[in-house]
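Down below is the structure, laid out as structure tokens.
The values are calculated or read from the model by the stated rules, or taken from the named source; none is laboratory data. Quick caveat: nothing in here was measured; it's all calculated off a predicted structure. Because the Cβ atoms are built from the backbone with ideal geometry, glycine has one as well, and the counts that use them run over all protein chains shown. Remember, those area values only see protein heavy atoms, side chains included, never the ligands or the DNA or RNA. Shrake-Rupley method; radii C 1.70, N 1.55, O 1.52, S 1.80 Å.
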Amino acid sequence: MGSLYSEYRTWLHGFRAGFKLFGLVVAGIALFIIQPLWALAAVAALCAGVLVSLGPATQPARRLLVAVLVAALLVAGFHVWMGTWQLGVASALRLFCASSLGVALTVTTRTGDVVAVLEWLLQPLRPLGVDPERLSLQLGLMLRFTEHFFIQWGKLDDAYRLRTGRGGGWRLVAPLAVHMLQTARRVADALFVRLGG
């Protein structure tokens, strides 16, 4: 499956996956504690700076970043229409910050490293009947399929644009769904063989 991880080395690649995940959690909590719009705008500028500092490493995720920006603008526009523009701006800034930090983590951290951290974090739940290896594998597959979805969406859109001169939009839903189902079946078969049924 395709991955958004970038082999282009950046300063963020040098940090351990656990440290980056912890930072993402702390930042996510802080985003909902911070209330003033000026403070959220400053944090958004900082997050944008982090993305810019990663340079070409963000190339695989740029289509995803555009989708996030469009979603943030739609959220802000809806709240402006409802007469609650302050809430709309705050929501859009929080969405942008959380998504940009998530992208920074994704392009600089291998999925296997994230799965290893999740498996370690879930170890205390083993006495309760939770299988940390299985659950971390499921979470890792969810992350990989999310990455794979956006990669294939980009490839299909590029192919459609080359043929027609315009974006595919909703026309890509059916072929994308078929491709994802086929990929899921191949992965399931491989896991069945690897895990011995």
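Could you give the accessible area per residue of the chain, probe 1.4 Å, as a whole number in Å²? Let's see the in-between values first.
Numbers: 12200 Å² over 197 residues.
In whole numbers, the chain has 62 Å² accessible per residue.
Could you tell me which of rounded, prolate or oblate describes segment 44-197, using a ≥ b ≥ c as the square roots of the eigenvalues of the alpha-carbon gyration tensor, with rounded for a/c under 1.5 and, failing that, prolate when a/b is larger than b/c and oblate otherwise? Oblate. Only helices reaching 18 angstrom along their own axis (Cα) with mean Kyte-Doolittle hydropathy no lower than 0.5 count here, and for the DSSP H runs of the chain these are 17-33, 37-53, 62-82, 85-108, 173-194. For segment 1-145, the relative contact order is 34 percent, taking Cα pairs closer than 8 Å that sit 6 or more residues apart in sequence and dividing their mean separation by the residue count.
Each Lys and Arg adds +1 at its Cβ and each Asp and Glu adds -1 at its Cβ; summed about the Cα centre, the chain shows a dipole of about 420 debye. The length gained by stretching the chain between Val173 and Leu125 to full extension, at 0.36 nm per residue less their Cα-Cα distance, is 13.4 nm. For Trp81 and Gln59, the FRET efficiency from 1/(1 + (r/R0)^6), where r spans their Cβ atoms and R0 equals 45 Å, is about 0.85.
In the chain, a dipole from Cβ-located charges (positive for Lys and Arg, negative for Asp and Glu) runs towards its positive end, and of Val26, Ser91, Ser6 it is Ser6 whose Cα lies farthest in that direction.
Return the carbon/sulfur percentage of the accessible area of segment 1-157, one whole number, probe 1.4 Å, all protein chains in place. Could you put the intermediate results ahead of the total?
Details: 6650 of 9030 Å².
Percent of accessible area from carbon and sulfur atoms in segment 1-157: 74.
Our analysis of segment 1-123 gives Rg over Rh at 1.01, with the two radii drawn from alpha carbon positions and Rh computed by the Kirkwood formula. When you filter the trypsin sites (Lys or Arg not before Pro) in segment 12-75 for DSSP loop state and at most 16 other Cβ atoms inside 10 Å of their Cβ, you are left with Arg16.
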